[in-house]
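The values are calculated or read from the model by the stated rules, or taken from the named source; none is laboratory data. Being a predicted model, the structure only gives us computed values, none of them experimental. Note that each Cβ is placed from the backbone with ideal geometry, even for glycine, and that neighbours are counted across all protein chains shown. Areas reflect the complete protein model, heavy atoms only, side chains present, ligands, DNA and RNA absent. Shrake-Rupley method; radii C 1.70, N 1.55, O 1.52, S 1.80 Å.
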Amino acid sequence: MSDNHDLDYSGEGTLVCRGKEIAVEVEIKGYFQPLNGFYTWYGRIDKNDALDALLGGRRTVAVFVTPQGRAECVVGDPDFWDRYRISGTSRPPYHIPTTLEEVEAIAESEHHS
């Protein structure tokens, strides 16, 4: 995980799609939507030639795996820099704080940084 506090997850993962496993680097942010009760996460996959060769600029449904978990996702069209968008709904494939104690500990550590 990076020191960038604006991101929920930044680092390595494995994208499983179309029968292949591809190692990728991602930057992901997420938020809880209280109106519908879903957690939505989204971000970008760093430029990856193997992924581009497999997808050829097309969207697909995949599974994103990190050391902390796995989740179904949609890999969207690439941007101008050949970074594919990644997004999912519900439990993300990385840890998010789920207790008040965890949230307070994060706030306290950021306050002292």
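Quick notes on this one:
- Long-range neighbours under 7 Å by Cβ, at least six apart or interchain, first residue at positive phi within region 70-92, second assigned to a strand (DSSP E or B) and of a type outside the set (Ser, Thr, Tyr): Ser90/Phe38
- Matching entry among Arg18, Arg58, Arg83 (being touching a Leu at 6+ places or on another chain (Cβ under 9 Å), open to solvent by 40 Å² or more (accessible area, probe 1.4 Å) and of a type in the set (Lys, Arg)): Arg18
- Residue, surrounded by the most Cβ atoms within 10 Å (Cβ to Cβ), within region 26-38, restricted to residues that are out of contact with any Gly (no Cβ under 7 Å at 6 or more places or on another chain) and more than 18 Å from Pro97 (Cα to Cα): Asn36
- When Glu110, Glu101 are screened for being in contact (Cβ under 8 Å) with a residue 40 or more places away in the chain and assigned to a helix (DSSP H, G or I), only Glu110 passes.
So that you can scan it fast, the table gives a plain yes or no per residue for (1) open to solvent by less than 20 Å² (accessible area, probe 1.4 Å); (2) within 16 Å of Thr14 (Cα to Cα); (3) touching a Pro at 6+ places or on another chain (Cβ under 7 Å); (4) among the aliphatic types (A, V, I, L, M):
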position: Thr40; (1), (2), (3), (4): no, no, no, no
position: Leu54; (1), (2), (3), (4): no, yes, no, yes
position: Val63; (1), (2), (3), (4): no, yes, no, yes
position: Pro67; (1), (2), (3), (4): no, yes, no, no
position: Pro92; (1), (2), (3), (4): yes, yes, no, no
position: Ile96; (1), (2), (3), (4): no, no, no, yes
position: Leu100; (1), (2), (3), (4): no, no, no, yes
position: Glu110; (1), (2), (3), (4): no, no, no, no
